[in-house]
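For reference, the structure discussed in these notes is given below.
Values quoted throughout were computed directly from the atomic coordinates according to the rules given, and no laboratory measurement underlies them. Just so you know, these numbers come straight off a predicted model, no measurement behind them. Please note: Cβ atoms are built from the backbone with ideal geometry, for glycine as well, and neighbour counts cover all protein chains shown.
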Amino acid sequence: MIHLKNVHKTYPMGETRVQALRGLDLTIKPGEFVAIMGPSGSGKSTLMHLLGCLDLPSEGLVQLDGNDVTKLDEDRLAQIRGKKVGFVFQTFNLIPTLTAQENVELPLFFQGVPRRERSARAVELLQKVGLGDRVHHKPSQLSGGERQRVAIARALANDPEIILADEPTGNLDSESGEVILKLLEQLNREGKTIILVTHNPEAAAYAHRIVRIKDGRLLEEVKTKEEIGYALR
Amino acid sequence: MLFDSVVDNIRFSVRNLRHRPKRSWLTILGILIGVAAVIALVSLGQGMQRSITQEFEAFGYNVVMIAGHGEHRLGMGALLGAHTFRLDLTPLKKIPGVEAIGGVLIKTPYVSAGRREGYLLTWGMAPELMQAFGNYYKPELGRALKPGETQTAVLGSIVAKDLGLSVGDKFVIETLEFEVVGILEKRADPDVNYAIMVPIATLQELVGERERLSLVLIRTAQQHAGHAGHDAASVAKEVRRVVKELRGKDDLNVHTTGEMLDLMQNLVGILQAALGGIAAISLLVGGVGVMNTMYTAVLERTREIGVMKAVGARRRHILTLFLLESGFMGLVGGLLGALVGLGIAVGIKLLAPIFMPGTTLEVGFSPGLMLGVLGFSFVLGALSGFLPARAAAKLPPVEALRYE
């Protein structure tokens, strides 16, 4: 469960300060599939960073499973990210020098999981995303869709409660994009909380709830499948 | 589990280094050159110290030498005899602690052996003296000079080869014929290797320097436990006093081999420190190269660092990764540099006799030095990489991820 209350975030940009978030409230319950939508500059990336404990708010409360994370130091945040959150990025962000398996092992490595266990888990996850035969490939030897599936396997490595996907289909053709979205849907059915940041209505349609933000504030929330269909028209 | 993580860290670091092989190798080259320079100089310096010490050990630390002023050239037999003097050795023999004493006259008379001829370094030496210094003037073939002989000669190893003479052969100095009775072991001092040694009285007569000397060698009694012996320094003091009294003026140098050893070792030490300092600067430059490479690597992999932080890497993980990378470059540079440095030292040792005939150089190889250098170069690499690695570890994840 993630709970944001009256969250503000300003950061310096050149000579001025940008107000990315201006008093935002948001609660995401365990097992939800939430899409966050908004035009560029709306603050959705900043929101994603806060949800994933990559950054802290300038003001306001961020609670993860009832604990305030705003008082934690960087290393403690890193630990939380490693255990509770899995990231999927638009540009995949795989380490080019490592194989698919090693990329998936990386989060486990930082948690101090022994090698044997790590490698078994990585292979298992790659099989789950349909890349059992690409284990020893480097990212450069994989297609965009395959890379994103490796990234999803990496996000799942430490069995986190939350998967944060930031425009995961943004760099993919629609066919590969669909595979990724179906995978996220499947993970949600298996109990993961999915937070999908996107401006693509087709992608957002997979969610059970859409949160629209604009100028750093909540614009509207749409909750049911029917409403989503209506809202996206 | 800890070992597990160390091995993985190392593998990851090596992978990153191999990802940019040219840059990594060039950086390693910087360290390599510095380490090679240090190792070559230190090995040669140590070898030099060692061979000087060995020479003095063979000659004896308990030796007092008297030489004319202006005969300051270093080297045991380096007194080419420009300055000769008269000195009655009888009063000196009575000084307590004097065990053996004898004069040496060093000249360059005309020597011919068949078709080979020239003005060659010739030592007139009391046969008794030669036997007293039998450890140093040690015949490898044949024997030393014997008391009572007049026309026998013992040759230094190189001059014997140059003249094509062996034991039993005859050759001519000025007008007299000499028989080779022995050939000396090779020594580090070229003046010995090039010396023709004949009975002093014969040489004095031959060159018209009757009773004149270039050098006096005095062997003092060794110190024995429980027996008040005479150390060379106190004998030298007494010799100095007697010589001054005999000549009425202080125009001869009296010094001990111990003093000469100290002097030479000081000189070698200064030389070594100066050259070593220059070599150390190049090592420092190598370190700067590592730092430069690591800063570039951090900049290039900023996004990668952001990703690693996003998936749970803590500061120490990033720090360790980059430190290992730079440490590795140091270690490899150190290892290869040590080998190249030793190679250079051995090369100089082999080439030295070609450019400076008669000299022999030793190469001091010490495993301790090698291990020290390897450890040092790893630490140098890691230290040079510390600031870049810390900069990487401190990157805020969001900024690192946003980096293009």
Exercise for the section: Work out which chymotrypsin sites (Phe, Trp or Tyr not before Pro) in chain B are exposed loop sites (DSSP not H, G, I, E or B, at most 15 other Cβ within 10 Å) and give the longest gap free of them. Expected result: B:1-364
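If packing is taken as the average number of other Cβ atoms within 10 Å across a peptide's residues, how do B:204-217, B:266-279 rank, most packed first? Present the calculation step by step, with values, prior to reporting the outcome.
Working: B:204-217: 18.7, B:266-279: 14.0.
Ranking, from highest mean packing down: B:204-217, B:266-279.
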Completion exercise
The aspartates and glutamates whose Cα lies under 12 Å from the Cα of A:Lys71, excluding any fewer than 8 residues away in the same chain, are A:Asp55, A:Glu59
Practice task
Have a look at A:Gly112, A:Gly60, A:Gly14 and tell me which one the Gaussian network model of chain A (Cα, springs below 10 Å) gives the largest fluctuation.
Solution key: A:Gly14
Handout entry: Size of region A:44-103 as Cα extents on the principal axes (Å, biggest first)
Key = 40, 23, 17
Completion exercise
Taking region A:68-111, the whole-percent share of alpha-carbon pairs separated by over 17 angstrom is 43
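Report the rotationally averaged projected area of chain B based on its alpha-carbon convex hull, in square nanometres.
Numbers: hull surface 112.8 nm².
So the Cα hull casts an average projection of 28.2 nm².
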Handout entry: Whole-percent pair-distance distribution, where bins are 10 Å wide, for the alpha carbons of chain A
Key = 8, 32, 36, 20, 4, 0
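So if the hydrodynamic radius of region B:1-53 is defined as the Kirkwood radius over C-alpha pairs, what does Stokes-Einstein give as its diffusion coefficient at 37 °C and 0.692 mPa s, in µm² per second? Can you show the working numbers first?
On the way: Rh = 14.0 Å.
Roughly 234 µm²/s, to the nearest whole number.
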Completion exercise
In whole angstrom, largest first, the equivalent ellipsoid semi-axes that the Cα gyration tensor gives for the protein assembly as shown are 90, 24, 18
Handout entry: Once the Cα gyration tensor of region A:103-210 is diagonalised, semi-axes √(5λ) in Å
Key = 24, 17, 11
Exercise for the section: Excluding residues on the same chain fewer than 8 positions from B:Lys249, give the lysines whose Cα lies under 18 Å from its Cα. Expected result: B:Lys237
Practice task
Could you pull out every one of the lysines with an alpha carbon less than 17 Å from that of A:Lys223, ignoring same-chain neighbours closer than 8 positions?
Solution key: A:Lys29
Exercise for the section: Starting from the Cα gyration tensor of region A:58-160, multiply each eigenvalue by 5, take the square root, and state the resulting semi-axes largest first in whole Å. Expected result: 28, 15, 11
Problem - For region A:18-41 and region A:145-195, distance of Cα centres in Å - result: 18
Completion exercise
In the structure shown, of A:Lys5/A:Lys214; A:Lys5/B:Lys309; A:Lys9/A:Lys44, the pairs separated by more than 23 angstrom at the C-alpha atoms are A:Lys5/B:Lys309
Handout entry: Percent of C-alpha pairs per 10 Å bin, region B:175-325, short to long
Key = 7, 16, 19, 15, 9, 8, 10, 9, 5, 1
Practice task
Among DSSP beta bridges lying fully in the protein assembly as shown, give the percent that are antiparallel, nearest 5.
Solution key: 70
Problem - Karplus-derived HN-Hα couplings along region B:104-116 (A = 6.51, B = -1.76, C = 1.60, θ = phi - 60°), whole Hz, x at Gly and Pro - result: 10, 10, 10, 9, 10, x, 7, 10, 9, 9, x, 8, 9
